[in-house]
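Participant: Here it is, the structure, as structure tokens.
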Amino acid sequence: MIWYNLSVERIPHLHRACKAPADAFNKKGSFLWKTWKKVVYLDNAATTPCAPEALEMMVKALSGACGNPSSHYSVGYEAKEFVDTGRAQVAKAINASPAELFFTSCGSEADNWAVKGTAFTKARQNKKHLITSAFEHHAIMHSMAALERMGFEVTYIKPTAEGYIRPEDVEAAIRPDTALVSIMMANNEIGTIQPIKEIAEVAHKHGVWMHTDAVQAVGAIPVDVKELGVDMLSMSAHKFNGPKGMGALYCRKGVWPQNLIDGGSQEARHRAGTENVAGIAAMGKALEIATAHLDERMAHESELRDYVIDRVLKNIPEARLNGGRSPRLPNNVNISFPGLEGETILLDLDMHGICASTGSACNSDSLDPSHVLLSIGVPEEIGHGSMRFTFGPQNTMEEAKYLCDVLEEVIPRRRAMSCMWLQGQNTARQFSLKGEQ
Ligand code: PLP
């Protein structure tokens, strides 16, 4: 468990819900309001805590290398050394060459660049049609929508009910004027892993560029760009214990989406702007560590995932798993609890110190039903009662058990107060009584 400093103004009652450690009390035994809250962080798909080694690297780069990596004198070279090392580490982790890697400000920028940049490049050959899936991250969905407003055409492939894109559906959508196929490697809500290698083969058979948004995959499962055969791949450092605000786009040698950010000659003239030296150094370090311990990490996370899925489906009536069980990200659990709103469950979990996310909204500011759950056919009212729990290497089996204990207490208690649930139960009872007659 992680213990964080928190101010009492936010959640005053938490000390009762959690077993606080001895140093959360003063000598007289009173709880120190401004001291401790137990946090069980189960939202690693949203972001991950920065690895101490990555943080150390950031501090080293920020405090040491004061020069601009483009400057031609020693302190500039020193800064460039951090950038070169980070680039080499990231490239090695995905089996790319350093020259094929371009740093961006985040995963969203990498996605925007791949999609819009390719559309602008290919429009010169009159190719103005793009293919994607109906359950991409908004960085892709909204980039596609922006292109549609500019006169491009987009086909959105519907996933199967289990949450997979079928290569044959992609092939059927390809036209002579198709510029790009962009399908995510792992879905950020339901964790299903897509057959990217097969989809890339289909795209290439028809001479079409293939991009994958691998933001949830890099650092979580093996990613080898040569093996996958993709032309472009997006990633984001804060998903693998690196810093927030750092991303990268892999572009296979010879593949050039048009620049979106013009200016200086950084990133081989393809993405202008003075490099985030500390961010790049930390991203490289974080990914080096994540890939070095990948097998261990996957085994650990999938043990927690399977424990939670099995126990919740067994002990909580009508709970249903969203997305197929395999292939699925080792750390992803997405479950619907019919009869409840995800936001209610989220608040209850927060009171028990558990951080998770609703599966019903792609961002916490929106109450719209999740386009991901709708795309796999989850009814809107059930989608609203969905929760996503995502593990990281720092989580323990003790935390997985704690989550299940809390869910087994919270869900029946909330359902007992939920008109939606009680009405549903009555209707089901009436149907079964009629059936018996
Ligand atoms: N793509 C996917 C699949 C994601 O999950 C995310 C972030 O959650 C992004 C893109 C955007 O990445 P970033 O937060 O670095 O902009």
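The values are calculated or read from the model by the stated rules, or taken from the named source; none is laboratory data. Note that the structure is a prediction, hence the values are computed from the model and not measured. Ideal geometry is used to build each Cβ from the backbone, glycine not excepted, and the neighbour counts take in all protein chains shown. Surface accessibility is based on the protein's heavy atoms, side chains included, excluding ligands, DNA and RNA. Shrake-Rupley method; radii C 1.70, N 1.55, O 1.52, S 1.80 Å.
Participant: Note the count of lysine pairs whose C-alpha atoms are less than 16 angstrom apart in the stretch 175-299, limited to pairs 8 or more residues apart or on different chains.
Facilitator: 5
Participant: Using a 1.4 Å probe and ignoring any ligands, DNA or RNA, find the accessible area of D350 and quote it in Å² to the nearest 10.
Facilitator: Approximately 40 Å² for this residue.
Participant: Return the single residue from N126, N44, N241 with maximal mean-square fluctuation; model: Gaussian network over the chain, springs between Cα atoms under 10 Å.
Facilitator: Of the options given, N126 has the highest mean-square fluctuation.
Participant: Related question: If we sort 292-300, 190-198, 383-391 on the protection proxy, mean other Cβ atoms within 10 Å, highest first, what's the order?
Facilitator: The most tightly packed comes first, giving 383-391, 190-198, 292-300.
Participant: With +1 on each Lys and Arg Cβ and -1 on each Asp and Glu Cβ, how big is the dipole of the chain about its Cα centre, in debye rounded to the nearest 20?
Facilitator: 400 debye
Participant: Now a separate question. Give me the Kirkwood hydrodynamic radius of the chain, using the inverse of the mean 1/r over all pairs of distinct Cα atoms, in Å to one decimal.
Facilitator: 23.3 Å
Participant: A further question follows. Please report the equivalent ellipsoid semi-axes of the stretch 243-355, computed as sqrt(5 x eigenvalue) of the Cα gyration tensor, largest first, in whole Å.
Facilitator: 40, 18, 16
Participant: Listed highest first by mean packing, meaning other Cβ atoms within 10 Å per residue, what order do 263-272, 245-254, 400-409, 214-223 come in?
Facilitator: 214-223, 245-254, 400-409, 263-272
Participant: Out of the total accessible area of the chain (probe 1.4 Å, heavy atoms of protein only), what percent is carbon and sulfur?
Facilitator: Its accessible area is 55 percent carbon and sulfur atoms.
Participant: Here is a further query. In nm, give the distance between the simple-model label positions of R320 and E398, each being 7 Å from the Cα along the Cα-to-Cβ direction.
Facilitator: 3.7 nm
Participant: Of all DSSP beta bridges located in the chain, what percent are antiparallel, nearest 5?
Facilitator: Given both bridge residues lie in the chain, the antiparallel proportion sits at roughly 55 percent.
Participant: Got a sec? Charge dipole of the chain, +1 on Cβ for Lys and Arg, -1 for Asp and Glu; which of P257, M246, V59 is way out at the positive end?
Facilitator: Positive-most Cα among the choices belongs to V59.
Participant: Just going by the charge dipole of the chain, with Lys and Arg at +1 and Asp and Glu at -1 on Cβ, which of N315, H206, A281 is farthest out on the positive end?
Facilitator: Value computed over the given set: A281.
Participant: Using θ = phi - 60° and the Karplus relation 6.51 cos²θ - 1.76 cosθ + 1.60, list the HN-Hα couplings for the stretch 62-69 in order, rounded to whole Hz, with x at every Gly or Pro.
Facilitator: Each residue of the stretch 62-69 in turn: 6, 8, x, 7, 8, x, 8, x Hz.
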